[in-house]
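First the structure, in the form of structure tokens, and then the observations on it.
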Amino acid sequence: MAIIGGGATGAGIAVDAAARGLQVVLLEQNDFGKGTSSRSTKLVHGGVRYLQQGNIPLVMEALKERGLLLQNAPHLVHNLEFVVPNYLWWEAPFYGIGLKMYDFLAGSHGFGPSKILSHDEVLKRIPMLEPEGLRGGVIYHDGQFDDSRLLINLLQTAEEQGAAVLNYARVIKLTKSSSGAVDGLVFRDEESDGEQAIAARCVINATGAFCDAVRRMDEAAAMPMIAPSQGVHLVLPREFLSGDSAIMVPHTPDGRVMFAVPWHDHVVVGTTDTPVAAATLEPRAQEREIDFILGTAGQYMARRPARSDILSVFAGIRPLVKAGSRASTAALSRDHTIQISASGLITTAGGKWTTYRKMAEDTVNRALERMTWPQRPCPTGDLPIHGCSLPVEEPGPLAHYGSDAGLINDLIRERPALGTPLHKSLPICGAQIVWAVRHEMARTLDDVLARRTRALFLNARAAMAMAPAVAELMAAELGRDENWRKKQIATFGEIAAGFLPE
Ligand SMILES: Cc1cc2nc3c(=O)[nH]c(=O)nc-3n(C[C@H](O)[C@H](O)[C@H](O)COP(=O)(O)OP(=O)(O)OC[C@H]3O[C@@H](n4cnc5c(N)ncnc54)[C@H](O)[C@@H]3O)c2cc1C
């Protein structure tokens, strides 16, 4: 089986198929997670908004997956309290009943009961909240995670199950047999520029918002199935949300859901939902999206965040599958779609990070059926994800590496200089860079600063300042020269500029 796309969807399918004993290769055109899968709101959730839309089966499925993720990757997924502040009289009963329903649907996978809070209890949990007009609130529980770290750990799990995973391998062509069935692909090695062919009895298109381009490699006239929509998040200093709880605003002035979530000792605020013409690898936030988030967040925080408070801005493209001709992308289904073309190309798109495992299970079931291969039971429901350790072994800045944290600490014991933080604003040290190159398939400065560590997402200026020291450590590990270092720093500078508001 050849899987095109190294995001949540492709990685999940690689784990599942390899664990069921298939021979698997996964190809990613850039770095793993360069697409949408590093740019989410970082929630492992049933989706309170889908409950509002009455989509009960979707919520139940996601709540079950939320529980399985906490069980299989406890080093990366955390139970988090969300406060829905109420400023209108009807909000407490309305959201209170809705969130009790959310608890009920989670069944044995519940994260904790929701409850109604008084004015003072809300302020105790979120001291920075605007007190003027506040009536009280409702508290509920959901999950939170680090998306690109989970992705890397999933790819490591896939490798441990026998899959081969390649980054910087862009698929440029699908090959077909004399009967017209897809029987392999050709990819370009983006580092050497060489091309290589791979034979595969089953090819899966897991390229998210890019999937229509791959579908056109199969059928030139394939009608687009994706309506790309951009979501933007701002990252602010932690003091804008000084308690341990997140804020969830179910209905912004223009009808969206807004989250303010503590993440790696910062606050992520978002998101928007703006239709865009096409998916790109480095989508940029529009000025009006930044203004909208600043304005809305300002209504819920005691100090209004200003542009100068923004540490980083990131945009991601939702791979929403088109549903008829509804005008607003906010109304489209987040459920996943599996499409099989006449020549046998299997495209899996839509869904969300939380449900990646179920998407993978459904896709591999369909592939086995289609190929008339023997059905084998899906083993991923209780398959631990690389790094899984309970209790979390080494609390502190390396806790999210789970069982790998001890090995990174060994590197520091061997070379104590690797334990020094590379910037005063972020607890990221040289050992993490060396680890990323040696064990996490990092090839470029962007891979390390954006997705192996989250420096670029947390604080773009700090990431730029760290770049020369990181390039030096990487060059030593990869055996690269001065020229490589200079080019990497320049390229990263261009990418990082897109993470800063103008
Ligand atoms: C703003 C935003 C917030 C979100 N928040 C959440 C959240 O909090 N919780 C949640 O559960 N979900 C969330 N989601 C949804 C979730 O992030 C996505 O559903 C998921 O990441 C999609 O993964 P994917 O693998 O399908 O796509 P991607 O991550 O985009 O992966 C597709 C990959 O295919 C690669 N590719 C494309 N063409 C080729 C080619 N020719 N050859 C090789 N590789 C190729 C791309 O480079 C890309 O890396 C959010 C989405 C957005 C946009």
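One table, with the values for the structure above:
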read-out	value
Where N is the number of residues in region 142-217, Cα Rg divided by 2.2 N^0.38 Å	1.32
Length gained when the stretch residue 191-residue 342 is fully extended (0.36 nm per residue, less Cα-Cα span)	51.0 nm
Stretchable slack from residue 399 to residue 87, in nm (0.36 nm times residue separation minus alpha-carbon distance)	108.6 nm
The chain - percent relative contact order, Cα under 8 Å, separation 6 or more	19
Residues residue 322 and residue 502, FRET efficiency given R0 of 45 Å [Cβ-Cβ distance, rounded to 0.05]	0.90
Mean-position separation - Cα centroids, region 128-144 and region 75-123, in angstrom	9
Computed over the chain, Kirkwood Rh from alpha-carbon pairs, angstrom	23.4
Candidate lysines - alpha carbon under 18 Å from residue 124, same-chain residues fewer than 8 apart omitted	115
Heavy-atom accessible area ranking, 1.4 Å probe, most first, across 119, 266, 423	119, 423, 266
Prolate/oblate/rounded call for region 114-183, Cα gyration tensor, a/c under 1.5 rounded	prolate
Within region 452-489, trypsin sites (Lys or Arg not before Pro) in DSSP loop having at most 15 other beta-carbon neighbours inside 10 Å	480
R0 of 25 Å, Cβ-Cβ distance residue 251-residue 307: FRET efficiency to nearest 0.05	0.50
Residues of type lysines that residue 358 reaches as a straight line, Cα spacing below 19 Å, ignoring anything fewer than 8 places off in the same chain	42, 64
Those residues of region 460-476 whose amide nitrogen sits under 13 Å from the label point placed on residue 417, 7 Å along Cα→Cβ	469-470, 472-474, 476
Pairwise FRET efficiency - residue 100 versus residue 277, Cβ, R0 = 51 Å, nearest 0.05	0.75
Farthest positive-ward along region 94-239 dipole, Cα basis, beta-carbon charges - from 101, 127, 222	101
Qualifying lysines (Cα of each under 22 Å from Cα of residue 173; at least 8 residues distant if same chain)	34
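The values are calculated or read from the model by the stated rules, or taken from the named source; none is laboratory data. All values reported here derive from a predicted model rather than from experimental measurement. Here the Cβ is made from the backbone with ideal geometry for all residues, glycine too, and neighbour counts use every protein chain on show. Each accessible area value is taken on the protein alone, full model and side chains, heavy atoms only, with ligands, DNA and RNA left out. Shrake-Rupley method; radii C 1.70, N 1.55, O 1.52, S 1.80 Å.
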